[in-house]
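The values are calculated or read from the model by the stated rules, or taken from the named source; none is laboratory data. For clarity, every value in this text was computed on a predicted model and none was experimentally measured. Because the Cβ atoms are built from the backbone with ideal geometry, glycine has one as well, and the counts that use them run over all protein chains shown. Keep in mind that these areas ignore ligands, DNA and RNA; they rest on the heavy atoms of the full protein, side chains included. Shrake-Rupley method; radii C 1.70, N 1.55, O 1.52, S 1.80 Å.
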Amino acid sequence: MKFLVFFSTCVLGASAGLIDLDINILSAPTRAETRLVDAITTADYNTAVSLILLLEKQSSGSIIEDTVNNLIRDGNRNVLEFAYKLWIGEGKEIVKHYFPVQFRQVLSESNVKIINKRDNLAIKLGAATDSDNDRIAYGDANDKSSENVSWKLIPLWENNRVYFKIYSVRRHQYLKLGTATDGENDHSVYGDDRADTHRHQWYLKPAKLDSQVLFYIYNRQYNQALKLSRSVDSDGDRRAYSSSSSVEGQPELFGWSISIVN
Ligand SMILES: *[C@@H]1O[C@H](CO)[C@@H](O)[C@H](O)[C@H]1NC(C)=O
């Protein structure tokens, strides 16, 4: 008897290795979800894409939605890389159907406004230029809909990561961090005609605040996240800086909403 049990376990064990991806998902949707999370977490996006396409085929939309929402809730940056891979490949419809709307607004290179949660101000570039032809970036006191606060996020894929150039529709300039730091080790944010360094590239980390999807916006060169000053100028605007201290876990202070300008 004992021998028989042992024998059948062996057979199961041996065949388990041969089980095809398809069958696995059909018979064990929870396991598929775990494998999808593992693939995304380890940045194995090709496997993640294959898995999600299979799940989609098997009408497991709710599993996809749950998985994506859990990853966002956990602040997993890779979920955006994964969405980008889907978007440029076979999975654009999956992003449209099962990811929060903010993802397709970010990835579709639409005109978007970028508004900080704390003060509810939209990023713009000032009208004035300095001696380098750069413009200072502010959170605008009132405007949330004109071209002044419209941006395009232009993605680029490098080293298994997605970065964005952030392009001002009104000023035809790209958001960058200056090289200089202030007393708090923060950098100022400017618009620049060129976008030729990592200071001109940014990456987004999704964060959830109640039901709202926000993003921390990090500079590639300095790995500091975008914030607005606590002081207000005579126009009611706040200057944009990067934060030398960690912003993680504080979406209500350092999260930004990104949405289509309408
Ligand atoms: C846009 O910026 C210009 C300055 O270049 C300003 O005159 C105009 O009032 C701004 N528009 C809005 C809607 O704030």
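Considering each of Lys117, Lys124 in turn, give the residue that is at pLDDT 95 or above, open to solvent by 70 Å² or more (accessible area, probe 1.4 Å) and of a type in the set (D, E, K, R). Explain how you work it out, then say what you get.
On the way: Lys124 fails: open to solvent by 70 Å² or more (accessible area, probe 1.4 Å).
Being at pLDDT 95 or above, open to solvent by 70 Å² or more (accessible area, probe 1.4 Å) and of a type in the set (D, E, K, R) holds for just one of Lys117, Lys124, which is Lys117.
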Given (1) in contact with a Ser or Thr (Cβ under 6 Å, 6 or more places away or on another chain); (2) over 30 Å from Arg230 (Cα atoms), Ile115 misses just (2)
Scanning the stretch 153-176 for residues that are of a type in the set (D, E, K, R) and part of a loop (DSSP other than H, G, I, E, B), the one farthest from the ligand (Cβ to nearest atom) turns out to be Arg171
Flagged in the stretch 123-152 as more than 10 Å from the ligand (Cβ to nearest atom) and farther than 23 Å from Thr179 by Cβ, in numbering order, are Ser150, Lys152
request  = Check the stretch 190-202 and report whether any residue there is under 14 Å from Ile123 (Cα atoms), in contact with a strand residue (DSSP E or B) (Cβ under 8 Å, 6 or more places away or on another chain) and not aliphatic (A, V, I, L, M).
outcome  = yes
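Residue-wise test of (1) on the phi > 0 side of the Ramachandran plot; (2) assigned to a loop (DSSP other than H, G, I, E, B); (3) among the hydroxyl-bearing types (Ser, Thr, Tyr).
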residue	(1), (2), (3)
Ser188	no, no, yes
Ser242	no, no, yes
Ser245	no, yes, yes
Leu253	no, no, no
Ser259	no, no, yes
Residue hits (the stretch 48-60; in contact (Cβ under 8 Å) with a residue 12 or more places away in the chain and open to solvent by 10 Å² or more (accessible area, probe 1.4 Å)) are Val49, Ser50, Leu53, Leu54, Glu56, Gln58, Ser60
Taking the stretch 193-205 and keeping only residues that are open to solvent by less than 10 Å² (accessible area, probe 1.4 Å) and not hydrophobic (A, V, I, L, M, F, W, C), one is left with His200
Restricted to the stretch 146-166 and to residues being aromatic (Phe, Trp, Tyr) and open to solvent by less than 50 Å² (accessible area, probe 1.4 Å), the residue farthest from Ala225 (Cα to Cα) is Trp151
